[in-house]
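We did not get these values from a lab; they are worked out from the coordinates using the rules stated. Every value quoted in this text rests on a predicted model; they were computed, and no experiment measured them. With ideal geometry, Cβ positions are generated from the backbone for all residues, glycine too; neighbour counts draw on all protein chains shown.
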Amino acid sequence: MAKAKYAFFLGCIAPLRYPGIEKSTRDVCAALGIDLVDFNDASCCPAPGVIRSFDRKTWIAAAARNLALAEKAGVNILTICNGCYGSLFDAAHELHEDPELLKEVNKILAEIGLEYKGGTTVRHFAEVIYNDVGMDKVKKAVKNPLDLKVATFYGCHFLKPSDIKALDDPENPSMLDKMVEATGASSMYRKDKMMCCGAGGGLRSEFSDYAMKFTEENLKNMKDGGAEVIVDICPFCHLQFDRGQQELKGYSMPVLHLSQLYALALGMDKKELGLDAHLTPVKL
Amino acid sequence: MTATPNMDFVNDIIANGGESVNMCFQCGTCTASCPSGRQTSFRTRRLVRMAQLGMKDESLTSEDLWFCTTCYSCTERCPRDVAIVDIIVAMRNLAVASGNMFEGHKKVAQSLMKNGHTVPINDEVKKQRKALGLAEVPPTVLASKDAKKDFDKIMKATGFKKTIGE
Ligand code: SF4
Ligand code: SF4
């Protein structure tokens, strides 16, 4: 397979709240041979839980603009966020399946001189590492084996809807656990591992107390399972756990994005992980 | 509360992406799978039934409609392949279009229009970015007036501002 080039789709929460996730992704991709280029001029994906809930037409048109920009640049898209992955992957899928919708959306894109032909592939950082780089290569690249007990957090829009994502078993997946264990860390069993963090769908932005109940139940299960650090693959889940713990009593479990965990394991300087942006202190 | 059946409502949901609404045979697997139902008064099966029965006003003004996080647990398990999240999204679109939008949600929508992102940039993150050797402003619509103009044109063409009642 020819070496693919990916436009690095930043999204909102990573570059604007946890820049260490962006930095770690750039470093880890460089170290593992994933060819990233800047994705200039992109907007929010836009967020599937909120913007799609408000107006599907706006959601798909703005998503199509992002897809068309990548297509024009002749690159595929790499995301580091389940929300971005959910939006862009699902939008690309819908536009692929529904030629009428594609026509309608292209009428809107024509106003800015763009056309989407349907040729952009959308991938998630975690899945590219697992499927393309592979665990053997990762294990060989580890310079700083990690002795950590980890609660893996898949989030929702990475694996689901599974009929179109088809990455792993949505009820009992193992990809992320294997990726974490490749660094020497242990993935700890826990109850209700696939429960949502609570942030999505506009719950955090309007009914934060309810969102926090999801978060607390997850944290309790993680603690009971013996985990000492959370590893996520979505900056929004990341934010919900990192900031949520400041509002809840009795929890102080560091939260790392997979890119940050990998940066550590590959021997990068801790200062490069941007941990000062985290509200729950990361002492490792 | 008296139900006011409105069969046009079912067709509106179908036209907005909820084609599978009439496939539901009310088994309750969705409710049993729902993490939100464990914390709130929201019952997924009931919402789908309200859609089938054309209970427009009751469902579009209820808070319950907004307690779904779009986690897809229900959709994965539904024995009738009902695209439950699509139905909920269709109902939310109809709610917003009829002027039922919460303040917290409006804020997110306004931020998208203003910044092209759901959250704004701030001085603290600029500093953190710089310290990491990243561009102070990420290379998105935030860094390009022309790109932001294009984004605004898309928003204008879809009528988003009007939809969210601005
Ligand atoms: S799981 Fe499916 S068929 Fe069963 S009540 Fe829910 S939507 Fe209806
Ligand atoms: S997608 Fe929504 S309704 Fe379905 S299980 Fe998740 S929170 Fe509940």
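Here are some notes:
- Under the simplified labelling scheme, the A:E104-B:A15 pair shows an inter-label distance of 1.0 nm, with each label point 7 Å from Cα along Cα→Cβ.
- Taking 28 Å as the straight-line reach from the Cα of B:K162, the lysines in range (excluding those fewer than 8 positions away in the same chain) are A:K57, A:K103, A:K107, B:K56, B:K106, B:K107, B:K114, B:K145, B:K148, B:K149, B:K153.
- Prolate/oblate/rounded call for region B:57-135, Cα gyration tensor, a/c under 1.5 rounded: oblate
- Within 10 Å of each Cβ in B:97-110, the average number of Cβ atoms from other chains: 4
- Helical mean residue ellipticity (222 nm; -39500 (n - 2.57) per DSSP H run of 4+; nearest 500) of chain B: -14500 deg cm²/dmol
- Computed over region A:105-208, the percent of Cα pairs more than 23 Å apart is 47.
- Phi angles of region B:125-142 translate, via the Karplus equation with coefficients 6.51, -1.76, 1.60 and θ = phi - 60°, into HN-Hα couplings of 6, 4, 5, 4, 4, 4, 4, 8, x, 8, 4, 3, 10, x, x, 9, 4, 5 Hz per residue; Gly and Pro are given as x.
- Over every Cα atom in region B:1-47, the radius of gyration and the widest Cα-Cα span, Dmax, amount to 12.7, 32 Å.
- Extents of region A:68-109, taken as max minus min of Cα coordinates on every principal axis and listed largest first, are 30, 21, 16 Å.
- Mean residue ellipticity, 222 nm, helices only, chain A: the sum of -39500 (n - 2.57) across DSSP H runs of n ≥ 4, divided by residue count and rounded to 500, is -13500 deg cm²/dmol.
- Rotationally averaged projected area of region B:1-111 (alpha carbon convex hull; nm²): 7.0 nm²
- Distance from region A:217-231 to region A:41-104 (C-alpha centre basis), Å: 33 Å
- Rg then Dmax, both in Å and based on the Cα atoms of region A:183-233: 12.3, 40.
- Spread over its residues, the convex hull of the C-alpha atoms of region A:156-271 is 113 Å³ per residue.
- Inter-centroid distance (Cα atoms) of region A:128-144 relative to region B:90-113, Å: 42 Å
- DSSP-assigned coil residues among trypsin sites (Lys or Arg not before Pro) in region A:176-210, each with at most 13 further Cβ atoms within 10 Å: A:K191
- Percent of alpha-carbon pairs separated by more than 24 Å within chain A: 48 percent
- Mean projected area in nm² (Cα convex hull; one quarter of hull surface) for region A:1-100: 7.0 nm²
- Cα-Cα pairs of region A:55-151 separated by more than 24 Å (percent): 35 percent
- Cα-based Kirkwood hydrodynamic radius, region A:126-170, one decimal, Å: 12.6 Å
- In degrees, nearest ten, helix A:99-110 long axis to first principal axis of chain A (Cα): 80 degrees
- Residues in region A:189-225 reached by a label modelled at A:E171 [backbone nitrogen below 13 Å; 7 Å Cα→Cβ]: A:194
- All C-alpha pair distances within region A:207-267, sorted into 5 Å bins from zero, spread as 4, 18, 28, 25, 15, 7, 2, 1, 0 percent across the bins.
- Taking amide H atoms as placed 1.01 Å from N in the peptide plane, the amide H of A:N76 lies under 5 Å from those of A:K5, A:A7, each 5 or more residues away in sequence or on another chain.
- For region A:87-138: rounded, prolate or oblate by the Cα gyration tensor [a/c cutoff 1.5]: prolate
- Gain on full stretching of the segment that runs from A:N144 to A:K270 - 0.36 nm per residue minus C-alpha separation: 44.2 nm
- Reachable aspartates and glutamates, given that their alpha-carbon falls under 16 Å from the alpha-carbon of A:K178 and they are not under 8 places away in the same chain: A:E127, A:D132, A:D136, A:D147, A:D168, A:D169, A:D232
- The distance between label points at B:D81 and A:D38 comes to 4.6 nm (points 7 Å beyond Cα on the Cα→Cβ vector).
- Isolated cysteines of the protein assembly as shown, defined as having no other cysteine beta carbon under 4.7 Å away, are A:C12, A:C29, A:C44, B:C24, B:C27, B:C34, B:C68, B:C78.
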